[in-house]
Structure formats: structure tokens, C-alpha cells
Amino acid sequence: MARYTCSFIVAVPLERLQQVLIEVLESCHFDIIYNTGDYLMAREIPGHVSFAKLVTVEVLIDKSTATEREARMNFVVKNEELPLQVDNHCHQMFYQVHQAIAENRHWQLVESVAG
């Protein structure tokens, strides 16, 4: 199973964070399939790759350390594909999501850590 992780701290009003995050994931061709307010799960829209390569993104918004203007988000990007190549489909989607988060104009990136 391919699996990539990262975390971000973004400066954004907390009440806008979830909506902006959903917009970012949808812009990367993901459907939100589960949303509890502090946890989101999104799945890549089928049609471009085989079922085993479809990527899932899990996002945990750390509300225990969040302030009105800043929050940490932890991301796990994964699929069932064996990562036999460095530049596999899951890694490509991870990079796309990472770039979309880093370059989003609706918040200011405070910190980014890829794992």
C-alpha cells in the first residue's frame, strides 16, 4: 500500500477552514465521502486509473491546538497500489494535494512538514 503523510499549519479563520479545505480537495478531483467537522475523508473520482490506484485522502483538523486564526491539519494520502516506483500515482496525487494546500490563496501557510 502506498502511503504519504504531511501536516500543515494554516492561518485562516477557523469557521472558514473546513469549507476552504473541501474546495481544495474538490479542485484536485476528490469527492468528500465522510465529514465529521474535524475529520474529512475524500476519494479520488473514478475513471482515470484502475480501482487499486484510486487515492484516498484523510485529513484530521487538530482542534485541540487550534486558535480562532490558525489550525494544524494532518494528511494521509494512500491507495492500494504497491509503491514499486518512486513517482507512482499515489505520490503524484500527494504532490498535487500538497501543492494545492501550499498555494491556496484563501489562507496563509504557516508551516508545512512532509513525512
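The values are calculated or read from the model by the stated rules, or taken from the named source; none is laboratory data. Predicted model, so just to flag it, every value in this text is computed and none were measured. No Cβ is skipped: glycine too gets one built from the backbone with ideal geometry, and neighbour counts run over all protein chains shown. Side chains are part of the model used for accessible areas, which takes the heavy atoms of the whole protein and leaves out ligands, DNA and RNA. Shrake-Rupley method; radii C 1.70, N 1.55, O 1.52, S 1.80 Å.
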Query raised in the report: Using a probe of 1.4 angstrom, how much of the accessible area of the chain is carbon and sulfur, in percent?
Result: 52 percent
Report task. May I ask you to derive the relative contact order of segment 61-115, considering only C-alpha pairs under 8 Å and at least 6 residues apart, and to give it as an integer percent? Result -> 19 percent
Query raised in the report: Given Cα pairs under 8 Å that are at least 6 residues apart, what percent is the relative contact order of the chain?
Result: 40 percent
Query - Equivalent ellipsoid semi-axes - Cα gyration tensor, segment 3-84, angstrom - result: 25, 13, 9
Query raised in the report: Are there trypsin sites (Lys or Arg not before Pro) in segment 1-81 that DSSP puts in a loop and that have at most 16 other Cβ atoms within 10 Å, and which ones?
Result: 63, 69
Report summary line: Longest principal axis of the chain (C-alpha) makes with the long axis of helix 89-103 (C-alpha) an angle, in degrees to the nearest 10, of 20 degrees
Query - Accessible solvent surface per residue of segment 40-96, calculated while the other protein chains remain in place, 1.4 angstrom probe, Å² - result: 60 Å²
**Report entry** Accessible area of residue 61 in the full protein assembly, 1.4 Å probe (Å², nearest 10)
**Finding:** 10 Å²
